[in-house]
Amino acid sequence: MTQEIRVRFAPSPTGKLHIGNARTAILNWLFARHSGGKLILRIEDTDLERSSRESEEGIYRDLKWLGMNWDEGPDVGGKFGPYRQMDRTQIYQKYENKLLANGQAYHCFCTPDELNEMREKALAAGNTDAWYDCRHRNLTEKEKQDFLAEGRKPVVRLKYPDEDIMFTDIVKGELTFPAGSTGDFVIVRSDGTPTYNFVCVIDDGLMKMSHVIRGDDHLSNTPKQIAVYKALGWTPPKFAHIPMILGDDRTRLSKRHGATSVKGYADDGFLPRALVNFMSLLSWSSPSGDEILSVERLIEEYDFSRVSKSPAVFNVEKLEWMNGTYIRALDIAELTDLCLPYLQSAGYRLPERAVLEQIVSLVQENLERLKDSIEKLEFVFAEKVRPATPEAVQMIEKESTQKVFWSFLRQVEKVEKLDFAQFRKIMKTVSVETGVMGKDLWMPVRVALTGQIHGPELPKVVDIFGKKRCKKLIKSALNLNN
RNA sequence: GGCCCCUUCGUCUAGUGGUUAGGACUCAGGACUUUCAUUCCUGCAACAGGGGUUCGAGCCCCCUAGGGGUCACCA
């Protein structure tokens, strides 16, 4: 009988969901879905100072926004709960007592001063790894009583085995951590709260994790955790340590590198599917060589054997390109829905739905982020149109422009309605009448109507603006000229 | 500093002993077009360095250099 695949994402609710954590979450999720296993969400809220329910809610929101779901967790329950570490304190205590009882762990009464001294001594000797000298490993009952009488509060340390710790990592391969590179580390603080490397193992063990998939910044924690598994008499799960995501200066991605929270990217108008697609491609590639990959394909194809061992720089430019291709693939109703909040936030007076869709479709090919719709569509909602750049002014001031505008106005009067086709026809007539062609013909009209030198296809713009508005704008551009 | 991990175009990557070292993003040029964009085409650009092993190394081994991570009563 093969073991059920169970993986977990275990964030600490101390702020916004970070891109790096989001990637870890997604990889766990893809793996769970690929293998028909379960994804467990566990909240590591033991840092009382920094943890908050708000952050926890934010994490749920962001994970869901990315399109993820999970099978067990604080919000959905499950038979291996509770799923918040603060609700599991009795469980940790039980195992603390167990390790204390069977001699795998012991009380250490060292004071901060004593510890510092040890640390400095070790540092002077050029080795800061196993700096703790294990001096309280074998305290007599009498010694313990004396320390207690002094009012010292002990921590609990694990007896770290004096042997090489080896394991096979799914992405990194065979790994060896030599004996002596880690000392007896604290598993329970003097205030009685357990530390990360302890609770993590208890939870992963009790929650029956088959694989631990996480960032490779946890690589050096792994031997410690394996030591805990051994002390507990448990079999460790399989480990897959994924390379980190780096900023453009090749250091670990952090706030310094700009937007690093999922929420930040969401607010800028990145599509969740683009973000998921992009993140999956950091340190991984599809065997097909394709890069635009649906979630379905990612679930199908994602495989840790194709994860490279080296970290990847988070390249926003490529993300933007990819987001653009996803935006272009949207149907117009969907895109309009997505742009709506941005246009509203800009304070634009929005027309009826059908027209709005037409407006949005003006810039669909131009958007890299939904947020860009605000700027790209500004001319549609602007109260007044003014040549926005020196070049635009130049176009308006061109000698031939007068002729073009007058001719245009005459032609416009002849038609009932100024739509896409009529406009094209009129421009042709204007060209014939004035002898002006190409750029000199179209640019002034564009500037008159939009103030810009670049923009969407003019006939489409005119189609939306209509006869009245176009007439007005051309006239006012004419005044400008005089 | 100790320990661990990593090293192909600027960036993301393909590559598992014999390739003109391929693709993508960016950038440049061109085609299309009334502009921008889209689309298509072309181009620039890489095996960190040094030793081995081998008839032959981006691929295997060693060393050096560089980068990252971690060394907490944070997670």
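The values are calculated or read from the model by the stated rules, or taken from the named source; none is laboratory data. This structure is a prediction, so every number in the text was calculated from the model and none was measured. Cβ placement follows ideal geometry from the backbone for every residue including glycine, while neighbour counts extend to all protein chains displayed.
Identify the residue in segment A:215-236 that is over 26 Å from A:Leu115 (Cα atoms) and within 14 Å of RNA strand B (Cβ to nearest atom) and, among all such residues, is nearest to the chain's Cα centre (by Cα).
Per the criteria, the residue is A:Gly215.
Identify, please: which residue in segment A:404-432 is among the β-branched types (Val, Ile, Thr) and assigned to a helix (DSSP H, G or I) and is, among those, farthest from RNA strand B (Cβ to nearest atom)?
A:Val412
Identify, from the list A:Leu370, A:Leu350, A:Leu343, the residue that is assigned to a helix (DSSP H, G or I) and either not β-branched (Val, Ile, Thr) or not assigned by TED's automatic domain parsing to the domain that holds A:Gly173 (or both).
Only one candidate passes the filter, namely A:Leu343.
Quickly run through segment A:71-100 and pick out the residues that are among the acidic types (Asp, Glu) and closer than 22 Å to A:Val156 by Cβ.
A:Asp87, A:Glu96
How about segment A:339-353: which of its residues are surrounded by 17 or more Cβ atoms within 10 Å (Cβ to Cβ) and over 23 Å from A:Asp463 (Cα atoms)?
Passing the criteria: only A:Tyr342.
Within segment A:177-195, track down each residue that is more than 7 Å from RNA strand B (Cβ to nearest atom) and closer than 16 Å to A:Tyr160 by Cβ.
A:Ala179, A:Gly180, A:Thr182, A:Gly183, A:Asp184, A:Ile187, A:Val188 - these are the residues of segment A:177-195 that are more than 7 Å from RNA strand B (Cβ to nearest atom) and closer than 16 Å to A:Tyr160 by Cβ.
Exactly one condition in (1) among the aliphatic types (A, V, I, L, M); (2) touching a strand residue (DSSP E or B) at 6+ places or on another chain (Cβ under 9 Å); (3) part of a helix (DSSP H, G or I); (4) closer than 18 Å to A:Phe9 by Cα is not met by A:Ile299; state its number.
Of the numbered conditions (1) among the aliphatic types (A, V, I, L, M); (2) touching a strand residue (DSSP E or B) at 6+ places or on another chain (Cβ under 9 Å); (3) part of a helix (DSSP H, G or I); (4) closer than 18 Å to A:Phe9 by Cα, the odd one out for A:Ile299 is (2).
Give just the number: which of (1) assigned to a helix (DSSP H, G or I); (2) more than 13 Å from RNA strand B (Cβ to nearest atom); (3) among the small types (Gly, Ala, Ser) does A:Ala122 not satisfy?
So A:Ala122 meets the others, but not (2).
Return the total of residues in segment A:49-74 being among the charged types (D, E, K, R) and either in contact with a Gly (Cβ under 7 Å, 6 or more places away or on another chain) or closer than 17 Å to A:Asp203 by Cβ (or both).
Looking only at that region, the number is 3.
Residues in segment A:443-452: is at least one touching a residue at least 40 places away in the same chain (Cβ under 8 Å), within 9 Å of RNA strand B (Cβ to nearest atom) and part of a loop (DSSP other than H, G, I, E, B)?
Checking segment A:443-452: at least one residue is touching a residue at least 40 places away in the same chain (Cβ under 8 Å), within 9 Å of RNA strand B (Cβ to nearest atom) and part of a loop (DSSP other than H, G, I, E, B).
Quick one: in segment A:76-99, of everything that is among the hydroxyl-bearing types (Ser, Thr, Tyr) and surrounded by 17 or more Cβ atoms within 10 Å (Cβ to Cβ), which residue is farthest from the chain's Cα centre (by Cα)?
Applying the filter and picking the extreme gives A:Tyr95.
Just one of A:Asp113, A:Asp164 is loosely packed, with under 13 Cβ neighbours inside 10 Å, within 30 Å of A:Gly233 (Cα to Cα) and out of contact with any helix residue (DSSP H, G or I) (no Cβ under 7 Å at 6 or more places or on another chain); which is it?
Going through A:Asp113, A:Asp164 in turn, just one is loosely packed, with under 13 Cβ neighbours inside 10 Å, within 30 Å of A:Gly233 (Cα to Cα) and out of contact with any helix residue (DSSP H, G or I) (no Cβ under 7 Å at 6 or more places or on another chain): A:Asp164.
With the requirement that a residue be more than 6 Å from RNA strand B (Cβ to nearest atom) and assigned to a loop (DSSP other than H, G, I, E, B), what does segment A:312-328 give you?
Listed by number, the list holds a single entry, A:Phe314.
Collect the residues in segment A:55-100 that are over 30 Å from A:Ile187 (Cβ atoms) and not in a helix (DSSP H, G or I), keeping them in residue-number order.
A:Leu66, A:Gly67, A:Met68, A:Asn69
Does segment A:196-214 include one or more residues that are out of contact with any strand residue (DSSP E or B) (no Cβ under 8 Å at 6 or more places or on another chain), of a type in the set (Phe, Trp, Tyr) and more than 8 Å from RNA strand B (Cβ to nearest atom)?
Within segment A:196-214, not a single residue is out of contact with any strand residue (DSSP E or B) (no Cβ under 8 Å at 6 or more places or on another chain), of a type in the set (Phe, Trp, Tyr) and more than 8 Å from RNA strand B (Cβ to nearest atom).
If A:Trp131 meets every condition in (1) more than 25 Å from A:Gly264 (Cα to Cα); (2) among the aromatic types (Phe, Trp, Tyr); (3) assigned to a helix (DSSP H, G or I) apart from one, which number is that one?
Failing condition for A:Trp131: (3).
Determine whether A:Lys471 is assigned by TED's automatic domain parsing to the domain that holds A:Met395, under 23 Å from A:Leu377 (Cβ atoms), away from RNA strand B (no atom under 16 Å from the Cβ) and surrounded by 14 or more Cβ atoms within 10 Å (Cβ to Cβ).
Taking the combined requirement at face value, the residue satisfies it.
Does at least one position in segment A:271-280 carry a residue that is out of contact with any Ser or Thr (no Cβ under 8 Å at 6 or more places or on another chain), within 15 Å of RNA strand B (Cβ to nearest atom) and modelled with pLDDT under 95?
no
With A:Leu356, A:Leu370, A:Leu377, A:Leu362 as the choices, which residue is hydrophobic (A, V, I, L, M, F, W, C), without any contact (Cβ under 8 Å) to a residue 24 or more places away in the chain and surrounded by 15 or more Cβ atoms within 10 Å (Cβ to Cβ)?
From the options A:Leu356, A:Leu370, A:Leu377, A:Leu362, the qualifying one is A:Leu356.
For every residue, the table says whether it meets (1) more than 24 Å from A:Leu246 (Cβ to Cβ); (2) at pLDDT below 95; (3) among the acidic types (Asp, Glu); (4) surrounded by fewer than 19 Cβ atoms within 10 Å (Cβ to Cβ).
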{"position": "A:Glu4", "(1), (2), (3), (4)": "yes, yes, yes, yes"}
{"position": "A:Lys38", "(1), (2), (3), (4)": "yes, no, no, no"}
{"position": "A:Arg50", "(1), (2), (3), (4)": "yes, yes, no, yes"}
{"position": "A:Arg61", "(1), (2), (3), (4)": "yes, no, no, yes"}
{"position": "A:Asp71", "(1), (2), (3), (4)": "yes, no, yes, yes"}
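Which of the residues that make up segment A:237-265 are closer than 22 Å to A:Arg8 by Cα and more than 14 Å from RNA strand B (Cβ to nearest atom)?
Correct list: A:Pro237, A:Lys238, A:Ser261, A:Val262, A:Lys263.
Taking the stated definitions as given, is A:Ile26 among the hydrophobic types (A, V, I, L, M, F, W, C), in contact (Cβ under 8 Å) with a residue 40 or more places away in the chain, out of contact with any helix residue (DSSP H, G or I) (no Cβ under 7 Å at 6 or more places or on another chain) and in a helix (DSSP H, G or I)?
no
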